[in-house]
Amino acid sequence: MANALGYVSETKTGFSGSLAMMNLNAPIRIEKNADKKAPAEPDYRIFAGWIAQAKSSGREYISLTLADPQIGPRKIYANLAPVKGQKGRYVLLWNPKE
């Protein structure tokens, strides 16, 4: 089951919105990495983000890895997905990795 970490809206340069968790509510921007020079570098920047491809459907999606002292020593993995019926609105879905 997926858990929403926040919501963002599409902008001209990427996405803007907020990350909201128990003791953290932070505005975020997700922007294209204009300085990308190699395929292994992220396509988007927050802390780190990249385009991934779903194995079952083959569709591309944005995968995020978030790290911050306020969220503890472990990284948070999330995916950016469109909100059904709300054009230009997206949700950050928690993707737990053991």
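The values are calculated or read from the model by the stated rules, or taken from the named source; none is laboratory data. These figures come from a predicted structure and were not determined experimentally. Reconstructed Cβ throughout: ideal geometry from the backbone, glycine too, with neighbour counts over all protein chains shown.
Which one is surrounded by the most Cβ atoms within 10 Å (Cβ to Cβ) among residues in the stretch 1-43 that are basic (Lys, Arg) and at pLDDT 85 or above?
Keep residues of the stretch 1-43 that are basic (Lys, Arg), which gives 12, 29, 32, 36-37.
Filter again for at pLDDT 85 or above, leaving 12, 36-37.
Working: Lys12: 5, Lys36: 13, Lys37: 7.
This residue is Lys36.
Evaluate the following for Lys75: is it of a type outside the set (Ser, Thr, Tyr), loosely packed, with under 14 Cβ neighbours inside 10 Å and at pLDDT 75 or above? Walk me through it before giving the result.
Numbers: of a type outside the set (Ser, Thr, Tyr): yes; loosely packed, with under 14 Cβ neighbours inside 10 Å: no; at pLDDT 75 or above: yes.
The answer is no for Lys75.
Before we move on, is Lys55 exposed (fewer than 15 other Cβ atoms within 10 Å of the Cβ), at pLDDT 75 or above and closer than 22 Å to Lys87 by Cβ?
Numbers: exposed (fewer than 15 other Cβ atoms within 10 Å of the Cβ): yes; at pLDDT 75 or above: yes; closer than 22 Å to Lys87 by Cβ: no.
So Lys55 fails the test.
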